[in-house]
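To start, the structure under review is shown below, and the notes come after it.
The values are calculated or read from the model by the stated rules, or taken from the named source; none is laboratory data. This is a predicted model, so every value here is computed, not measured. No Cβ is skipped: glycine too gets one built from the backbone with ideal geometry, and neighbour counts run over all protein chains shown. For accessibility, only protein heavy atoms count, side chains too; no ligands or nucleic acids. Shrake-Rupley method; radii C 1.70, N 1.55, O 1.52, S 1.80 Å.
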Amino acid sequence: MSPMRRLLTLSSLLLMVVGCCADKGQISSPDGRTTLNFVVTEAGEAAYSLTFNGEELVALSRLGITTTEVDYTQGLELVDIESGTFDETWRPVWGQYSEIRNHYNSLTATLQDNDGNRLVIEMRLFDDGLGLRYTLVGEGVASITDERTEFTMGDDYAAHWIAGSDDDAEFDYMHTPLSQINSDTMAQSAGHVRALIDCGVSTPIAMKSLDSGNHIAIHEAALWHYPGMILAWDNATHRFTTLLAGDSVVKSEVTLPFSTPWRTIIVGDRAGALVESSMVLNLNEPCALEDTSWIKPMKYVGVWWEMHLKVSIWDCDGSYPHCATTENVKRYIDFASENGFGGVLVEGWNIGWGRGERFDYTEPYPDFDMAELARYAEERGVEIIGHHETYANVENYEVQMAEAYKYYESYGINNVKTGYVGAIAGHKHYDRWMVDHYNRTVTEGAKHKLCIDIHEPIHSTGISRTYPNLMSAEGMRGQEWQAWNSGNSIDHNPTLPFTRNIAGPMDFTPGIFDLRYHNTINSAAATEDGSVNSDYRYDYYVNSTLAHQLAQYVVFYSPIQMAADLPDNYRQRDDALQFIRDVPVDWATTRCLDAEIGDYVVTARRDKHSDDWYVGGITDGQERTIDVALDFLDINREYEAVLYRDGDKAGWDSYPTDYAIERRTVTSTDRLTIRMASGGGFALQLKAI
């Protein structure tokens, strides 16, 4: 037994000495591999522990919640406990699977204090983990001040995390033992951040037991009318405790009865199990929309990247070329139509950019003709994707939201990307008021048949099951950081599938082909053969190879994916662009074939609308050779394999655009040995014959 595990066992025993178990309950997951133990101690504290494959991943951890009127963390009596089971299969509008099984065993405990106030704790145990939440019963209004949901970790797991903040999530991932979460490592993760939670982490956080290889991830689901969750870490007790975002004493005023968001613990015996889990979705309510025919996954292009590269700017002030002109957007519409992309994202089209004005969401700049562009796009089978930046003036957006959505609806615009850059006056990005706002954009958008892609948001929590017009979100350091800031670490991308992406679709904006220089000033820095001039200092560049960029369309999940680079850069490498043309964004099934968090990942997905499969692999700064077994393919069937791989000279820091394309016929009995260069990857199309 490790010293840390021995310490934790003693900690659990001490808790039991303080209050021996008065009441308890136990359930197992449907497959029997996971066990939940629930107890109420003689001190009246509710607590639980979680065991997976014989390993106690979460040691005895206390539960509770407080309001201004009642303390539900102690002095409680168990008055009722019920067990149950549930099993259904449902079909998402879009997703990583065409069908999802929602199968769990449940334990529901009703607790009461000396004054007769009651709290219900509901626990659902799936094969892939645990969801638990509180329900405040009764009538009237309750003012929630705190939540004490603890996660006492079973050992000093290897953890993959970002710094805790209730105002930002665009941080570097840290890869440390849990015992090394401290102010120094938080500072390394956060860097620029405005507001940090002292010694805490944001979720999802992923962990690995080095003894068993079991994996665990903590997050939340179904976030409605409640602030976001941050986890405070106490190394002395080896315990995470839930903190609620926001500065006010009352974190959420709610109408009773009220159920909190679910606290989720995903478990698996390998890293890929975290990617394959649908538990966060399953803990959300079924689809609330009767008609979803207008919700369509797509690939799109847009003017976004050229502004990051200083080719043009958002503002129309005459000092520099404006991005969102009628003429320029038509060029992108033509490119989208030629290549089968469904939309063109247009940022910088409306009055208010760059001069400290309040944005007007129904008034275009004079050089942007919305009616003409909507007509032009429709004729070519493409649609305009709208854009609403707020610069954190959320009250201004709230006032205009309904009219702004009607405006888009009148032009047949079906999608909008929103943004919240900056500090929000009187609020944090993840407090209750802002959570309500983010969710209101989704529900109001549904009234106008408008799909939403939120940037600078609270982390995703699976509410896209209920409102599938919430297509994607940012909530992490995306590709844009490669263009104008310090860039992303080389292990950032192989971490995202197991952290941010398990929360829900993420708008990473993949597909950059021009990896080493980004404007005419820097263009002389690359040699004709695609190598890097080592004597030239590059201010910003993308830390990957071109093959790695292609792989992102499979490895990173979103039902809307951007082909983010400039049309001219794609035209120069049209053979590589073919993979982006072909790759779907809506899937029938998903399998993570091989992975080590932060090091590499290989993911396979089958197209929802054909029998074709796609495989993507990416690696960190270490070159790797991967052996890919094709046993997921249909037996007794041939496939045409088109492999987009790193070239023999490729590396993220030298010859990043060196790639090769190979073709062969394969079956389910074949294996492919594929080299991934440093910062590299591969993309594989398997077309059923």
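Taken over the stretch 374-414, residues that are in contact with a strand residue (DSSP E or B) (Cβ under 6 Å, 6 or more places away or on another chain), assigned to a helix (DSSP H, G or I) and not small (Gly, Ala, Ser) amount to 1.
In summary, Asp156 fulfils each of the numbered conditions (1) touching a Ser or Thr at 6+ places or on another chain (Cβ under 7 Å); (2) charged (D, E, K, R); (3) under 24 Å from His427 (Cα atoms) with the single exception of condition (3).
Once the stretch 570-588 is narrowed to residues that are open to solvent by 30 Å² or more (accessible area, probe 1.4 Å) and among the acidic types (Asp, Glu), the residue that is nearest to His308 (Cα to Cα) is Asp574. All told, Ile197 meets the bar of being open to solvent by 10 Å² or more (accessible area, probe 1.4 Å), among the hydrophobic types (A, V, I, L, M, F, W, C) and in contact with a helix residue (DSSP H, G or I) (Cβ under 9 Å, 6 or more places away or on another chain).
Report the residue count in the stretch 318-333 for those that are open to solvent by 80 Å² or more (accessible area, probe 1.4 Å) and in a loop (DSSP other than H, G, I, E, B).
Applying the first criterion (open to solvent by 80 Å² or more (accessible area, probe 1.4 Å)) to the stretch 318-333 yields 319-320, 327, 331.
If we keep only those that are in a loop (DSSP other than H, G, I, E, B) too, we end up with 319-320.
Adding up the residues that qualify gives 2.
Cβ-Cβ distances below 8 Å connect the following pairs, each with a first residue in the stretch 394-415 that is under 11 Å from Ala374 (Cβ atoms), a second residue that is in a helix (DSSP H, G or I) and among the small types (Gly, Ala, Ser), and a separation of six or more residues or different chains: Tyr411/Ala371; Tyr411/Ala374; Gly412/Ala374; Ile413/Ala374. Closer than 26 Å to His492 by Cα, surrounded by fewer than 22 Cβ atoms within 10 Å (Cβ to Cβ) and among the hydrophobic types (A, V, I, L, M, F, W, C): does that describe Ala683? Considered against the rule, which asks whether it is closer than 26 Å to His492 by Cα, surrounded by fewer than 22 Cβ atoms within 10 Å (Cβ to Cβ) and among the hydrophobic types (A, V, I, L, M, F, W, C), Ala683 comes out as no. Only one entry in Glu56, Glu77, Glu88 is touching a Ser or Thr at 6+ places or on another chain (Cβ under 9 Å) and open to solvent by 20 Å² or more (accessible area, probe 1.4 Å), namely Glu56.
Checking each residue in the stretch 603-625 for being of a type in the set (Gly, Ala, Ser), over 16 Å from Pro510 (Cβ atoms) and open to solvent by less than 30 Å² (accessible area, probe 1.4 Å) picks out only Ala604. Here the stretch 346-360 is the region considered, the condition is being modelled with pLDDT of 95 or more, touching a helix residue (DSSP H, G or I) at 6+ places or on another chain (Cβ under 8 Å) and not hydrophobic (A, V, I, L, M, F, W, C), and the residue that is surrounded by the most Cβ atoms within 10 Å (Cβ to Cβ) is Gly348. The condition of being in a loop (DSSP other than H, G, I, E, B), at pLDDT 95 or above and either crowded, with 17+ Cβ neighbours inside 10 Å or over 19 Å from the mean Cα position of the chain (by Cα) (or both) holds for only one of Ala288, Ala336, that being Ala288.
Okay, residues lined up against (1) assigned to a loop (DSSP other than H, G, I, E, B); (2) in contact with a helix residue (DSSP H, G or I) (Cβ under 9 Å, 6 or more places away or on another chain); (3) open to solvent by less than 10 Å² (accessible area, probe 1.4 Å); (4) free of Cβ contacts under 8 Å to residues at least 24 places away in the same chain:
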site: Thr590; (1), (2), (3), (4): no, yes, yes, no
site: Leu593; (1), (2), (3), (4): no, yes, no, no
site: Asp627; (1), (2), (3), (4): no, no, no, no
site: Asp631; (1), (2), (3), (4): yes, no, no, no
site: Asp634; (1), (2), (3), (4): yes, no, no, no
site: Thr657; (1), (2), (3), (4): yes, yes, no, no
site: Ile674; (1), (2), (3), (4): no, no, yes, no
site: Gly679; (1), (2), (3), (4): yes, yes, yes, no
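For Lys417, the criteria (1) assigned to a loop (DSSP other than H, G, I, E, B); (2) of a type outside the set (A, V, I, L, M, F, W, C); (3) touching an Asp or Glu at 6+ places or on another chain (Cβ under 8 Å) hold in every case but one, which is (1).
Test Glu363 against the criterion of being open to solvent by 60 Å² or more (accessible area, probe 1.4 Å) and touching a strand residue (DSSP E or B) at 6+ places or on another chain (Cβ under 8 Å), and give yes or no.
Yes: the conditions hold for Glu363.
The combined condition, being within 16 Å of Ile27 (Cα to Cα), within 29 Å of the chain's Cα centre (by Cα) and in contact (Cβ under 8 Å) with a residue 24 or more places away in the chain, is fulfilled by Val58. Residues in the stretch 313-336 that are under 24 Å from Asp574 (Cβ atoms) and small (Gly, Ala, Ser): Ala336 only. Here are the criteria: (1) open to solvent by 30 Å² or more (accessible area, probe 1.4 Å); (2) part of a strand (DSSP E or B); (3) more than 23 Å from Ala221 (Cβ to Cβ). Tell me which single one Ser143 does not satisfy. The number of the failed condition is (1).
One residue alone among Ser248, Ser189, Ser202 is within 27 Å of Pro497 (Cβ to Cβ) and touching an Asp or Glu at 6+ places or on another chain (Cβ under 8 Å), and that residue is Ser189. With respect to the conditions (1) assigned to a strand (DSSP E or B); (2) of a type in the set (A, V, I, L, M, F, W, C); (3) more than 27 Å from His215 (Cβ to Cβ), Val601 falls short on a single one, namely (3).
Conditions: (1) surrounded by 23 or more Cβ atoms within 10 Å (Cβ to Cβ); (2) outside any strand (DSSP E or B). Thr185 meets all but one. Number of the miss? Condition (1) is where Thr185 drops out.
Among the residues of the stretch 207-248, those that are crowded, with 22+ Cβ neighbours inside 10 Å, part of a loop (DSSP other than H, G, I, E, B) and of a type in the set (A, V, I, L, M) comprise Ala222, Leu223, Ala245. The combined condition, being outside any loop (DSSP other than H, G, I, E, B) and more than 23 Å from the chain's Cα centre (by Cα), is not fulfilled by Phe359. Contact map, the stretch 224-243: first residue on the phi > 0 side of the Ramachandran plot, second residue crowded, with 22+ Cβ neighbours inside 10 Å and in a strand (DSSP E or B), Cβ cut-off under 6 Å, separation 6 or more or different chains; pairs are His238/Met153. Residues that are at pLDDT 95 or above, of a type in the set (D, E, K, R) and either under 30 Å from Arg465 (Cα atoms) or touching a Phe, Trp or Tyr at 6+ places or on another chain (Cβ under 6 Å) (or both) do occur in the stretch 196-211, at least one of them.
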